[in-house]
Structures are given as structure tokens and as C-alpha cells.
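The values are calculated or read from the model by the stated rules, or taken from the named source; none is laboratory data. Remember, predicted model here, so these are calculated numbers, not experimental data. All Cβ positions, even for glycine, are placed from backbone atoms using ideal geometry, and neighbour counts span all protein chains on display. Side chains included, ligands, DNA and RNA excluded: accessible areas come from the protein's heavy atoms. Shrake-Rupley method; radii C 1.70, N 1.55, O 1.52, S 1.80 Å.
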Amino acid sequence: MSGASMLVKNADIGHRSTLDVRIDGGLITELGPALDRSDLDVLDAAGGAVIPGLTDHHLHLHALAAATSSIRCGPPHVRTAEDLAVALSRATPDDTGWIRGVGYIETVAGELDRQGLDHLHSRHPVRIQHRSGAFWILNTVAGGAAGLATAHHPGIERLPGGQPTGRVWRADTWLRSRLPDSAPPNLREIGRHLSRYGLTSVTDATPDLANQSLRSIDDAVVSGDIRQNICLLGAPLEFTPVRSGQHERLTYGPYKIVIADSALPDLGELEALIESVHRTGRAVAVHSVSIPALVLLLAAFDATGTVSGDRIEHASIVPDDCVPRLRQLGVRVVTQPGFIADRGDDYLRDVDARDLPGLYRCRSLLDASVPVALSSDAPYGPLDPWTVISAAVRRQTISGAVVGRGERLAARAALDAYLAPAHDPGGPPRRIAVGEPADFVVLDAPLDDVLDCLSSELVVQTFIAGARV
């Protein structure tokens, strides 16, 4: 719903500190000094910057909402097996009797499996998601309730004798179908968090969205629980918004394909899948977090060709010799340098030193004319876009170490990587201009000061379609 006519005065726009912005019908209709403000609602920016609303080009809405009511199973609050056992013992099961945990990492209790989780908690069914989001760990009670022993999903990890280990890889939708019936989590609080950070648009990168999930997101947009514009990568190829006649804020983007390192696909199968998506007129968004996955994907693109909009999600490690190939193929990269700030010390400990220069590249890709968009991958990475932008600029870990010094971006370039529209990640940043949608952010300081600080505390007000949110 578009906001009423109003005026934002004394704004810093393009280094001019006394500009006014008039909004009518959800659009910016005037821009200039000392505009007529009679009979208008007025917000005084007091010299603070007004910038376009930010776009998070890769996150997971329902996982974000679910994480808020889940038990944290990793640092900083849980660091040992004993810590995890205490956290699980204090957890209150949900309405279905299950305990849901998130954020597990092997430094807590090693390569956790069904038996290991039983030692920590065996009374209630427990499922814990690994910090990467790649797999779930179920204790024996949970595995029995989900029927892992007799199920045939390829993501179920098994011992040589066929018994399930309790780990289930890249099977979120399937696993959800085996759990007690429950509605998707409410998205209202997530919408508020997004607005607080200055985000006016997000791309949900969850693959293979079920009908119930699609309807939940559609309902949240229609009801206003989420005011942001939403682009879906996991929408089926035949997708149209359920209530497309009632709103235009829910769209679909390239089709999400996951190259799972736990079971790399056959090259021919990957080529066939990409070609089938391209034939529908839709681009692909391909998950790649390892060198083998990236090499496989580039080989597939060499065979299939690329179309406008094809993108690589994460590109977590990109060897030097792959950078020019990305440029030649014309693909975009949607990456998450926020992981450097969040878990960079783990990377320094666990990642082969030869691969560290290619970790979450930014500067070298832009220098090679590869379009780059920044994003959070929340809840698996930090949601705050200003944290991600700062990480792209500083590349510092929690301990203060620097990972990939040569990949640092200038603050303005890092901010611009959040300002491209959802349908054009890595494209030109949106600007405050007459005729543009009134999706913008009022900040508490001039832009130069904001770029020095890079803190979400400077977000004063977010506008979407001309309405304060």
C-alpha cells in the first residue's frame, strides 16, 4: 500500500545537504531545495543522508523466523559438549514436542551424529542444524519419528550396514514432510528487523519452496507483515504469485540449483537441468561453496552456455584461474563477506592456506568486470547489512586477523553492492531520483560519515512505497 504525500527535508543526497524529497503515491515526485511543504507530513533529515533502500540478494525468510525460536548450538554461547547438553536440557519443546537447534559447529562436540546427540539429550526428539545449513543431525527418538531407517531419500547418511547416522544432507523440504504438521513460522518480526536495517527488498534463496511456504510468504506480503519487496529463487518453474492481482511486491528470480558437496551431481545431469531451466526463459542461481562444485558448474556452463541473469550463489572459494572464466561466461556472483567477520578465525584454522586468497572474493571479481552483489545468507550469516558491508571493507575476523587483504572494497563500492535491484544483482546501484519508487532510507549522518562508521545504528527511518515502516 502506497504511503500518503509527505516531504523529507534537509537531506544529504549526492553531497548536497539541504535537499528536500517529496513523495506522492509511492513515488519520488520532486527533489530540490526548499520545496513547498504546505499541508504535507514532514520529516526533517537534519542533514542526514537519504539513500535508496538496501537489497539483501540472498537470505532465507522462514529459516530466519524459525531461528529466533530455536536453541543456539554453537559459539559464542555454546562452546563445548557440556554447554550443548545444558542448553538442550533447558530447552522447551515446541507444540509438537520437538526441540530444534541451530548453528552447530564441530568445535563444540566433534562430528556429531545420532549416538553422540543421544548422549547429550535422548528424552525428546531433537534435530540440530549445522551452522552451514547443509545438514541436520537427529537423535534416535527424532530419527525414529521421521522414519529414517526405512526412508529412501539420498540425503540420509548411512553406515556401511545401512543404519542411519542421524545426519540428513540437503533435504530440508523432505525432512519437513516427515515432521509433525506445523505451520510455517510467522514473518512479522522478520519484516520489522529488515526495516530496522534499512532493507526494502530481499531475495529468498531457499530452494524448492513447498506450496505451504509459498502461500505463507504470499500471505505475509498481502497482510503487510512483510512490507519489503520479495524475490523468490526457490519458486517452481511454473510459479505465479497466489494473489498476483492484489500486489506486485512478490516476484520470482532465477531458479535455484544446489550443487551439494556431500553428493556432487553428474556433469551430464547438471547440464540437462540448466538447459531445461533456460528453455523456460528463466536464468539459474547455482549454489557453489567449494572448488569442485565451482569447477563442475563452469564445465556445465561451458557446455550449455549462459543467459542473462545466470548467477552463482556464494562462490565461497574461487581459484585465480576461474576468475577470467567467470567474466567470459558473463555470470554474476552473489557472495557473503559477512562470513569473514562471523567465522573468519575458523577459516584461518580449517581452510587450506592455498585456498584462503580465493575465499569470498570481492575486489578481484569487480576488477575483472564480474558483477558482484553482497548478501547475508541469514540466518547462516549475519543479517545486518552494515555488518556485511563493513566486512567487505575491512575483511577482519573476530580476533582482528585479516582474511584476503587484496579483496577489500572501498566503502562506497561495498554499499553500492547492496543498492542494485533484486532483478539485477551486481548491476548499477539505484539512485534517489524523480520517478523512482519511494523505497529509501533516512540516516542519522551525512553519507561520508556513514561510510566511515558503517553501523545500522545510523538508520533513522525506512520508507517502502512512500510509507514509513
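Scanning segment 446-463 for residues that are touching a strand residue (DSSP E or B) at 6+ places or on another chain (Cβ under 7 Å) and over 23 Å from residue 24 (Cα atoms), which turns out most open to solvent (accessible area, probe 1.4 Å)? Step through it out loud before you land on a result.
From segment 446-463, those touching a strand residue (DSSP E or B) at 6+ places or on another chain (Cβ under 7 Å) are 446-447, 450, 458-463; that's our starting set.
Next cut, over 23 Å from residue 24 (Cα atoms) only: 446-447, 450, 458.
On the way: 446: 55, 447: 22, 450: 1, 458: 29 Å².
The qualifying residue most open to solvent (accessible area, probe 1.4 Å) is 446.
Out of 426, 466, report the one residue that is over 26 Å from residue 323 (Cα atoms) and either at pLDDT below 95 or open to solvent by less than 30 Å² (accessible area, probe 1.4 Å) (or both).
Only one candidate passes the filter, namely 466.
Among (1) modelled with pLDDT under 95; (2) crowded, with 23+ Cβ neighbours inside 10 Å, which single condition is residue 210 missing?
Going through the list (1) modelled with pLDDT under 95; (2) crowded, with 23+ Cβ neighbours inside 10 Å, residue 210 breaks only (2).
Taking strands (runs of 3 or more DSSP E) that fall entirely within segment 36-121, which contain at least 1 residues that are modelled with pLDDT under 95? Explain how you work it out, then say what you get.
Details: elements: 41-44, 50-52, 54-59, 99-104.
Qualifying strands (runs of 3 or more DSSP E): 41-44, 99-104.
So how many residues does segment 79-96 have that are touching a residue at least 24 places away in the same chain (Cβ under 8 Å), surrounded by fewer than 24 Cβ atoms within 10 Å (Cβ to Cβ) and closer than 20 Å to residue 343 by Cβ?
Selection size over segment 79-96: 4.
Of the residues in segment 1-35, how many are assigned to a loop (DSSP other than H, G, I, E, B), among the polar types (S, T, N, Q) and open to solvent by less than 60 Å² (accessible area, probe 1.4 Å)? Working first, answer last.
We begin by selecting, within segment 1-35, every residue assigned to a loop (DSSP other than H, G, I, E, B); these are 1-5, 14-15, 25-26, 34-35.
Narrowing further to those that are among the polar types (S, T, N, Q): 2, 5.
Those still in the list that are open to solvent by less than 60 Å² (accessible area, probe 1.4 Å) too: 5.
Number of matching residues: 1.
Being touching a helix residue (DSSP H, G or I) at 6+ places or on another chain (Cβ under 8 Å) and in contact (Cβ under 8 Å) with a residue 40 or more places away in the chain is the requirement here; does residue 137 meet it?
Spelling it out, it is not the case that residue 137 is touching a helix residue (DSSP H, G or I) at 6+ places or on another chain (Cβ under 8 Å) and in contact (Cβ under 8 Å) with a residue 40 or more places away in the chain.
Quick check on my filter: what residues within segment 122-166 are part of a loop (DSSP other than H, G, I, E, B) and in contact with a Gly (Cβ under 6 Å, 6 or more places away or on another chain)? Steps first, answer last, please.
Going through segment 122-166, the residues part of a loop (DSSP other than H, G, I, E, B) turn out to be 122-125, 131-134, 139, 147-155, 159-163.
Listed by number, the list holds a single entry, 131.
Each row is one residue, and each column tells you yes or no for (1) in contact (Cβ under 8 Å) with a residue 12 or more places away in the chain; (2) under 24 Å from residue 263 (Cβ atoms); (3) surrounded by fewer than 19 Cβ atoms within 10 Å (Cβ to Cβ).
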position	(1), (2), (3)
146	yes, yes, no
150	no, yes, yes
167	yes, yes, no
175	yes, yes, no
189	yes, no, yes
196	yes, no, yes
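I'm trying to understand the selection: among the residues of segment 305-323, which are aliphatic (A, V, I, L, M) and open to solvent by less than 20 Å² (accessible area, probe 1.4 Å)?
312, 315, 318, 323
Looking only at residues that are open to solvent by 10 Å² or more (accessible area, probe 1.4 Å) and of a type outside the set (Asp, Glu) in segment 215-230, which one is nearest to residue 429 (Cα to Cα)?
229
Is there a residue being touching a Phe, Trp or Tyr at 6+ places or on another chain (Cβ under 9 Å), surrounded by 24 or more Cβ atoms within 10 Å (Cβ to Cβ) and of a type outside the set (Gly, Ala, Ser) anywhere in segment 341-351?
The answer is no, given that none of the residues of segment 341-351 is touching a Phe, Trp or Tyr at 6+ places or on another chain (Cβ under 9 Å), surrounded by 24 or more Cβ atoms within 10 Å (Cβ to Cβ) and of a type outside the set (Gly, Ala, Ser).
How many residues does segment 255-270 contain that are among the small types (Gly, Ala, Ser) and either open to solvent by less than 50 Å² (accessible area, probe 1.4 Å) or over 24 Å from the mean Cα position of the chain (by Cα) (or both)?
Residues flagged as among the small types (Gly, Ala, Ser) and either open to solvent by less than 50 Å² (accessible area, probe 1.4 Å) or over 24 Å from the mean Cα position of the chain (by Cα) (or both) within segment 255-270 amount to 2.
If we scan segment 288-301, do we find a residue that is crowded, with 23+ Cβ neighbours inside 10 Å, under 18 Å from residue 234 (Cα atoms) and either touching a strand residue (DSSP E or B) at 6+ places or on another chain (Cβ under 8 Å) or not small (Gly, Ala, Ser) (or both)?
yes
Only one of (1) open to solvent by 10 Å² or more (accessible area, probe 1.4 Å); (2) of a type in the set (A, V, I, L, M, F, W, C); (3) under 20 Å from the mean Cα position of the chain (by Cα) is not met by residue 356, so which one is it?
Looking at each condition in turn, residue 356 falls short on (3).
Within segment 434-441, is there a residue that is in contact with a helix residue (DSSP H, G or I) (Cβ under 6 Å, 6 or more places away or on another chain) and either modelled with pLDDT under 95 or not charged (D, E, K, R) (or both)?
No; the residues of segment 434-441 include none that is in contact with a helix residue (DSSP H, G or I) (Cβ under 6 Å, 6 or more places away or on another chain) and either modelled with pLDDT under 95 or not charged (D, E, K, R) (or both).
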